[in-house]
1. Sort Ile78, Ile34 by heavy-atom solvent-accessible area, probe 1.4 angstrom, most to least.
2. Non-local amide H neighbours of Arg130 (under 5 Å, H modeled in plane, Pro and chain starts lacking H): which ones?
3. Between Leu14 and His114, what is the spin-label point distance in nm, taking each point 7 Å from the Cα along the Cα→C-beta axis?
4. Leaving out ligands and nucleic acids, and using a 1.4 Å probe, what accessible area per residue does the range 142-230 come to in Å²?
5. Taking K and R as +1 and D and E as -1, what net charge do the other residues with C-beta under 11 Å from the C-beta of Ser197 add up to?
6. On a 0 to 90° scale, report how tilted helix 86-100 is relative to the longest principal axis of the chain, with both axes built from alpha carbons and the result rounded to the nearest 10.
7. Contour minus end-to-end for Glu125 and Ala38, with contour as 0.36 nm per residue of separation and end-to-end as the Cα-Cα distance?
8. Once the principal axes of the Cα atoms of the range 27-106 are found, what is the range along each, listed largest first in whole angstroms?
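The values are calculated or read from the model by the stated rules, or taken from the named source; none is laboratory data. Since this is a predicted model, take the numbers as computed values, not measurements. All Cβ positions, glycine included, derive from the backbone under ideal geometry; neighbour counts span all protein chains shown. Surface areas here come from the heavy atoms of the whole protein model, side chains and all, with no ligands, DNA or RNA. Shrake-Rupley method; radii C 1.70, N 1.55, O 1.52, S 1.80 Å.
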Amino acid sequence: MSKTSPSSRTVFLLLLGSSLAVAMLPVLWPRLDIAAAAYFLQPNPPINPAQWKWVELVNEYVPDLFRTLALLCIVSWIVVSLLRRWRRAGIALAFVGISLLLGPGFVTWAVKEHTLRARPFDVVEFGGERQFTPALVQADQCSDNCAFVSGHVACGFFFASLMLLDPRRRGRWIATGLLLGALVSVARMSVGAHWLSDALWALPITLATSGGVWVVLTFFYKHGQRPGQS
């Protein structure tokens, strides 16, 4: 009897569910956040990524690079649509552009503005003046550009969403997204900019946003064209 591989939808939902389960760990045990931050913010950590050049580049340039990519995709999508060649390339351009603007962009910003969580380098435990707040608890310890969740990390995890565009290589896209998300997480946590939970929650939030965009786009591309239109 031959085995059939699970559908991309099933794999995507399993990935989303698994990411939620992992992200709940520091919610249930907030000391995980403190312990992870304490390692990076101790005076002389055994391994100190904050001094690495690639970490500096990631922290400095990742948001700008992905904003530029999102805008280029949106503009290209509009141009391709006007040229009536949008059915094949259009959905890919729209998906990348809109998902990036919404997931690592608007949604992460909206969550930051709602939770108002202080960053690790701002809390009393690490020499700051603000109070630590567990993940998923609304705080009043930050007024702008707060900690929860990480937009930088969401950019790295976004690559896992590309499995929706390229189901045949979904394993590669998932692995790429998880690897890049992990690397960006190290970069952000090493300088005290984010808690472990800020990084972990970036994955399910990004996946859920991208999944919603994909559902809307596929419905539009399936039903939004007249027969014979290309």
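1. Working: Ile78 90, Ile34 15 Å².
Sorted by accessible area, descending: Ile78, Ile34.
2. It is Val123, Val124, by chain and number.
3. Simple spin-label model gives 3.0 nm for this pair.
4. Counting only protein heavy atoms, the per-residue value for the range 142-230 is 42 Å².
5. Result for the local shell: -1.
6. For helix 86-100, the angle is close to 10 degrees.
7. On the way: separation 87, 0.36 × 87 = 31.32 nm, distance 0.86 nm.
Stretched out fully, the Glu125 to Ala38 stretch lengthens by 30.5 nm.
8. That gives 59, 34, 18 Å along the principal axes, largest extent first.
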